[in-house]
Amino acid sequence: MGRTYVVCCVLVALLQGIAGSFVATASTGPYVEGQFRGRIAYSCDGNYNDPDDWVASPVTLAILAEMGLKERLVHFDYNSILSASNPEWEKIHAESVLGTAERYGFDKRVFFDCQKELDAAIASITKAVNDSTAEDPLYFIIAGPVDVPFLGIQKSDPDKRQFVYCISHSRWNDGFASRFKFTRTKRDVIEQDVHWVQIRDQNRLLSFGRYGQPASIEEFEPYFWMRDSSPPQVRWLWERMLVSTRPDPSDAGMTWFLVTGDEECTPEKLRRLLDEHQRPVSTIARQQVRIEAENFRYLDGCALEDRNDKNASHALNTRLAGGTTGSIRTRFHEPFARDSASYDVEVRCLDTNNAR
């Protein structure tokens, strides 16, 4: 039997009485006998704060198209920051999303601009959740704030939420930002009884240049293959990257993970799929699954803490909530994990002296 490694990052003071536990259950997706099983939803911003979605959204759609999963996309909302917006940014992002949808042949009826069609977007999310079953789960990629996804999930049938997997990779998408106040955080979504899947930050390998500053031409070099590509759809991706001012399709790394099981997406891997049409072999089971303490379903006697500390994963921590004991509990139900396996569990904690 193969051995899978689960890294359970419980960033709490275990010596003060906090206990961490998880229950292993069968996890069969998203591929069953080599075929993708389930539906896909996607939510992104792009209308304020950072124009990275102007290229990440097109790259996501290109990935789905090249993997033969266009029909699996049942919901795509964009411009999802509700508390602030820039009308010009809204327009540019809409051009990126709808222009790519047209070029790759997507059904535009599943696309919703949250600045113009918020009620329809929420209703679409609710329907996607309500249509979910064990045999047809929903994989919901969170590439923007959780406010809109939360509103849609909140209106859904509670019995259907167990078949929903929300995927995220960054503090921003989780509802935590240094210079922006969100209405909701991922805890609001997790407590709706969906499965929360946190993967590695995709900026590490996909983003070049500095946030808030236009990139130099040299920083675009890892994506020159888009510029030099023969298919016009790929050159369109290059155009949208230039419009975004930075080579940063990092949110599309979550889509790459969903369709491959690989958390290490790179420009070269994207080139082979999008330019050379070489579909990667999907992972059967990840060798390592990281479960963050703040993503556990139940925090009993504990509270989430935004430490603003880079030594803590995503700068978040789970701490005791005023008492002397507490526990955190969750079910282990992750994509790309074996139905049955032996697990080596590594628990990492931060004690009161900040020792690792």
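Bear in mind that the values in this text are calculations on the coordinates, not laboratory data. Because the structure is predicted, anything quoted here is derived from the model rather than measured. Positions of Cβ are backbone-derived with ideal geometry, glycine not excepted, and every protein chain shown enters the neighbour counts.
Neighbour counts of C-beta atoms inside 10 Å place 183, 60 in the sequence 183, 60, starting with the fewest.
Label reach from residue 109 (point 7 Å along Cα→C-beta): in the range 56-99, amide nitrogens under 16 Å belong to 71-76.
For the pair residue 32 and residue 344, label points projected 7 Å from Cα toward Cβ lie 3.2 nm apart.
Based solely on its DSSP helices, what 222 nm [θ] is calculated for the chain when runs of n ≥ 4 H residues each add -39,500 (n - 2.57) and the sum is averaged over all residues, nearest 500 deg cm²/dmol?
Details: 11 runs with 100 residues, N = 356.
For the chain, the value works out to -8000 deg cm²/dmol.
Residues 218, 191 in ascending order of nearby Cβ atoms (within 10 Å, fewest first): 218, 191.
In the range 225-261, which residues have a backbone nitrogen under 19 Å from the label point lying 7 Å from residue 102's Cα in the Cα-to-Cβ direction? Answer for the range 225-261: 231-244.
For the chain, give me the percentage of DSSP beta bridges that are antiparallel, rounded to the nearest 5 percent.
Working: 10 of 50 bridges.
Here the antiparallel bridges make up roughly 20 percent for the chain.
Residue 208 sits among other residues whose Cβ lies under 12 Å from its own Cβ, and their net charge, with Lys and Arg +1 and Asp and Glu -1, is -2. Annotation: the chain has a Kirkwood hydrodynamic radius of 20.7 angstrom, from the mean reciprocal C-alpha pair distance. Taking 0.36 nm per residue of sequence separation and removing the Cα-Cα distance, the residue 272/residue 327 pair yields an extension gain of 15.3 nm.
Here the Gaussian network model covers the chain, with springs between Cα atoms less than 10 Å apart; of 174, 45, 157, 157 fluctuates the most.
Give the order of 204, 338 when sorted by the count of other beta carbons within 10 angstrom, beginning with the fewest. The partial results should precede the final answer.
On the way: 204 14, 338 18.
The most exposed by this proxy come first: 204, 338.
Computed over the range 214-356, the range of Cα coordinates on each principal axis works out to 63, 41, 23 Å, biggest value leading. Projecting the Cα atoms of 208, 303, 58 onto the charge dipole of the chain, computed from C-beta unit charges around the Cα centre, puts 303 farthest toward the positive end.
Given 0.36 nm per residue, what is the gain on full extension from residue 135 to residue 264 after removing their alpha carbon distance, in nm?
Numbers: separation 129, 0.36 × 129 = 46.44 nm, distance 2.77 nm.
Full extension from residue 135 to residue 264 adds 43.7 nm.
Dipole check for the range 35-274: with +1 at the C-beta of Lys and Arg, -1 at the C-beta of Asp and Glu, and the Cα centre as origin, the magnitude is about 60 Debye.
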